[in-house]
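Data first, discussion second: the structure below is written as structure tokens.
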Amino acid sequence: YLRHTPKLFEAVRAAVGPDIHLLHDVHHRLTPIEAAHLGKDLEPYRLFWMEDSTPVENQDAFRLIRQHTTTPLAVGEILNTIWDCKGLIENQLIDFIRIHISQIGGLSPARKVAALSEYFGVRTAWHGPGDASPLAHAAQLALELASYNFGVHEGGSFAKETQEVFVG
């Protein structure tokens, strides 16, 4: 994996050019030093971010990763409160916070995370999985529009049946 992934991104970057954003979700599979190696090896391909490179429960691991790579880091899908991500944000160990708005408790707690993140240069990229309803995505979009540190909106298309229930 650690040898193959940089080759994959080299081929993709060569095929799509420099203007397409490339992201990689590692799904918490690497040790901190492996994540640091991968981030460094991916630097030439200018990823938009490397996501969930190592288990977020060990937040000190992100300090090691940050020291060894300039590849932007994203994390947060499994975090549940502002306290879960406070250290990552205040220590600038991540570039994007990816908390799921309904998981953190709605717009008010998520806005607090966004406000804290503004002070430390961390951008928002709220988790917007395919199983979130159009209402959830609309709430996410409202928060993004009200945040100075909006980074990117994660969303997709909805099944025909979902579109029939949530017209427009």
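The values are calculated or read from the model by the stated rules, or taken from the named source; none is laboratory data. The model shown is predicted, which means the values in this text are computed figures rather than measured ones. Reconstructed Cβ throughout: ideal geometry from the backbone, glycine too, with neighbour counts over all protein chains shown. Surface accessibility is based on the protein's heavy atoms, side chains included, excluding ligands, DNA and RNA. Shrake-Rupley method; radii C 1.70, N 1.55, O 1.52, S 1.80 Å.
The residue that is least open to solvent (accessible area, probe 1.4 Å), among those in region 45-61 that are in a loop (DSSP other than H, G, I, E, B) and among the acidic types (Asp, Glu), is Asp52. Considering Ile99, Ile94, Ile65, the condition of being crowded, with 19+ Cβ neighbours inside 10 Å, out of contact with any Lys or Arg (no Cβ under 9 Å at 6 or more places or on another chain), closer than 19 Å to Asn149 by Cα and among the β-branched types (Val, Ile, Thr) is satisfied by Ile99 alone.
What residue, among those in region 5-34 that are assigned to a loop (DSSP other than H, G, I, E, B) and under 16 Å from His68 (Cβ atoms), is most open to solvent (accessible area, probe 1.4 Å)?
Thr31
Could you tell me whether His68 is free of Cβ contacts under 8 Å to residues at least 40 places away in the same chain and touching a strand residue (DSSP E or B) at 6+ places or on another chain (Cβ under 6 Å)? So His68 fails the test.
Consider region 112-168 and keep the residues that are within 18 Å of Gln92 (Cα to Cα) and assigned to a helix (DSSP H, G or I). The one that is most open to solvent (accessible area, probe 1.4 Å) is Tyr119. With the structure loaded, tell me whether His37 is open to solvent by 90 Å² or more (accessible area, probe 1.4 Å) and either touching a Leu at 6+ places or on another chain (Cβ under 9 Å) or among the small types (Gly, Ala, Ser) (or both) or whether it fails that test. Considered against the rule, which asks whether it is open to solvent by 90 Å² or more (accessible area, probe 1.4 Å) and either touching a Leu at 6+ places or on another chain (Cβ under 9 Å) or among the small types (Gly, Ala, Ser) (or both), His37 comes out as yes. The conditions of being farther than 21 Å from His153 by Cβ and open to solvent by less than 70 Å² (accessible area, probe 1.4 Å) are met by Gly87. Within region 156-167, residues that are of a type outside the set (A, V, I, L, M) sit with their Cβ atoms under 8 Å from residues that are modelled with pLDDT under 80, at 6+ positions apart or across chains, in these pairs: Gly156/Gly130. Would you check if Leu42 is surrounded by 16 or more Cβ atoms within 10 Å (Cβ to Cβ), over 17 Å from Ile99 (Cβ atoms) and of a type in the set (A, V, I, L, M, F, W, C)? Against the criterion (surrounded by 16 or more Cβ atoms within 10 Å (Cβ to Cβ), over 17 Å from Ile99 (Cβ atoms) and of a type in the set (A, V, I, L, M, F, W, C)), Leu42 qualifies.
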